[in-house]
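This report refers to the structure that appears directly beneath it.
Values quoted throughout were computed directly from the atomic coordinates according to the rules given, and no laboratory measurement underlies them. Everything numeric in this text was worked out from a predicted model, so none of it was measured. Reconstructed Cβ throughout: ideal geometry from the backbone, glycine too, with neighbour counts over all protein chains shown.
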Amino acid sequence: MDLREKRKWDHLKYSLELSSGPLSTGFSDLYLVHQALGTADLDSVDTGLVLFGKKIRFPLIINAMTGGARGLEVFNKRLAIAARECGIPLAVGSQTAAIKNPDTRKSFEIVRKMNPQGLVFANLSALIPYQQAREAVEMIEADALQLHLNLPQELAMPEGDRDFSKLEENIYELKEKIQVPLIIKEVGFGLSRETVLKLRKMGINYVDVGGAGGTNFVAIERVRSQGLGNEDLLTWGIPTAVSLIETLSTAGEMIVFASGGINKPSDILKSLVLGAKAVGMAAPLLEVIYENEEKVLIDYLEDLFKQVKELMLLIGTSELKQLKKCPIIITGFVREWLEARGINIQSYAYTRE
Ligand code: FNR
C-alpha cells in the first residue's frame, strides 16, 4: 500500500475516532419559530426536488469521503446502495488516487455500478489539471464535479501542497473546459463572503460551504503526523452557520449547499430555512455504515427524513419552496459575527416574502 492509499484509510479511521470541533457549527445560536396552528398532513409533506436535472427525494447529499485505496470499495458500495434506495445524491472521495494508481479505480467505479441512474458527484482537488478532472468525471459518469478547497489541511500534512498561486486560475480554466457543472466545496473550514464573491465573478454557479464544527482535518492530520504542524489551526475556520449566511449574503443566483458538522434534523431544517438548496453530511453517515450493512444507513436516513418533515410541520409548512419564507432568529456569537461583517440579518426574523 502506497502513502496515498494509507492516507485514505487513515482519514476514515481517524475521522471516526476523533470528535467534532473544537469549534462549534453555530447552529445552536439559531432558533426556528414554533407555529402552534398546524396547516398540513404529515403524509403530504413534500421534500422532493430536482438537482442537476435529476429528481431526488430529499435535499441531502452524502458528501465526499472515500475510495482511492484497495479495500475501500465496501464503504462506497454501502453508501451508493443507500443513496439509491433513499433517492439522494452521493459524492465520492477525491479521485486523484485512482488517476495515479489504476488499481484503486474500482473503489470509485462501484458507486456508478450500484447506482446507475442516481445523482453522483466526482471529487478532486481544485488544483488538478483539466485532463485529470475529465478522467475523474468519466470514471464514474458523474453528473457534477466537486472541487475541494482545503488549504489548512494541506498545510497540516507534511506531504501536502504548498503552492496555491495558480488555484484561482485553475478553477477558472476547469470551469471553462469541463462538461459537467462544478461545485466548489470546502472540507470543514468554511467559505467567506470574499471567497464567494470571487467565485461568483468567475462564473461558478454551485458552492458547498463546508464550514467548521464537524470533521476537523487539521486534527486528523495532526494525529497522522504525531502532532507535527501548527496547533493553532485546530480552531481555524468559519463555523458552518456563519459561513452559510455569509455565503448566502453574496451568492446572488448561485446555488448554495450547507455542510460541516450537520448531524441533526433541526440543523438540516435551519440550513434550508436560511436558504441552502440542500445539506451535505459526511462523517455521521460513515459512522453508520463503518461496521454495518447498508440497510442500517437506509433506516437511519428514512428516520432522519421523517424527523425533518415533522419539524417542517411545526414551523407551519409542508413544502420545501416555502421554507425560505419561515422566520429564523439569529442570536449570540453568530449574530455578533454577522453584524460585525455588516450582513443584514434582521429580515430573517420575520416571515419573508
Ligand atoms: C472527507 N471529506 C472529503 N472532502 C472532499 O472534498 N474530498 C475528499 O476526498 C474527502 N475525504 C474525506 C474523508 C473522510 C473520511 C471524511 C469524514 C471526510 C470532507 C467531507 O466531504 C466534508 O466536507 C467534511 O467531512 C465536513 O462534513 P462532516 O463530516 O462534518 O459532515
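Assorted remarks:
- Selection status of VAL50, out of contact with any strand residue (DSSP E or B) (no Cβ under 7 Å at 6 or more places or on another chain), of a type in the set (A, V, I, L, M), within 27 Å of ALA241 (Cβ to Cβ) and free of Cβ contacts under 8 Å to residues at least 12 places away in the same chain: yes
- Scanning the stretch 121-165 for residues that are within 12 Å of the ligand (Cβ to nearest atom) and β-branched (Val, Ile, Thr) yields one hit, ILE128.
- The stretch 94-132, residues that are among the hydroxyl-bearing types (Ser, Thr, Tyr) and in contact with a helix residue (DSSP H, G or I) (Cβ under 8 Å, 6 or more places away or on another chain): THR96, THR104, SER107, SER125, TYR130
- Against the conditions (1) loosely packed, with under 15 Cβ neighbours inside 10 Å; (2) polar (S, T, N, Q); (3) assigned to a helix (DSSP H, G or I), GLN153 satisfies every one except (1).
- Residue identified as within 13 Å of the ligand (Cβ to nearest atom) and free of Cβ contacts under 8 Å to residues at least 12 places away in the same chain among SER107, SER24, SER19, SER15: SER19
- In the stretch 256-273, residue nearest to the ligand (Cβ to nearest atom) [restricted to those that are in a strand (DSSP E or B) and out of contact with any Asp or Glu (no Cβ under 7 Å at 6 or more places or on another chain)]: ALA258
- The residue list VAL111, VAL180, VAL137 contains one member that is on the phi < 0 side of the Ramachandran plot, β-branched (Val, Ile, Thr) and touching a Gly at 6+ places or on another chain (Cβ under 8 Å), which is VAL111.
- ALA80 vs. criteria closer than 20 Å to GLU293 by Cα and more than 13 Å from the ligand (Cβ to nearest atom): yes
- Subset of the stretch 84-104 [hydrophobic (A, V, I, L, M, F, W, C) and either more than 15 Å from the ligand (Cβ to nearest atom) or within 16 Å of ALA144 (Cα to Cα) (or both)]: CYS86, ILE88, LEU90, ALA91, VAL92
- The helices (runs of 4 or more DSSP H) located wholly in the stretch 87-145 that include 1 or more residues which are polar (S, T, N, Q) and under 21 Å from ASP10 (Cα atoms) occupy 96-100, 106-114.
- Where ARG341 falls short, out of the listed (1) away from the ligand (no atom under 16 Å from the Cβ); (2) within 23 Å of VAL92 (Cβ to Cβ); (3) out of contact with any helix residue (DSSP H, G or I) (no Cβ under 6 Å at 6 or more places or on another chain): (2)
- Looking across the stretch 289-313, just one residue is within 12 Å of the ligand (Cβ to nearest atom) and among the hydrophobic types (A, V, I, L, M, F, W, C), and that is ILE289.
- Residue in the stretch 44-66 that is of a type in the set (Gly, Ala, Ser), assigned to a helix (DSSP H, G or I) and closer than 22 Å to ILE183 by Cβ present: no
- Subset of the stretch 185-218 [more than 10 Å from the ligand (Cβ to nearest atom) and farther than 17 Å from ILE245 by Cβ]: LYS198, LYS201, MET202, GLY203, ILE204, ASN205, TYR206, VAL218
Residue by residue, here is whether (1) of a type in the set (Lys, Arg); (2) within 18 Å of the chain's Cα centre (by Cα); (3) not in a loop (DSSP other than H, G, I, E, B) holds:
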| residue | (1), (2), (3) |
| --- | --- |
| ARG4 | yes, no, yes |
| SER15 | no, yes, yes |
| SER24 | no, yes, no |
| HIS34 | no, no, no |
| THR39 | no, no, no |
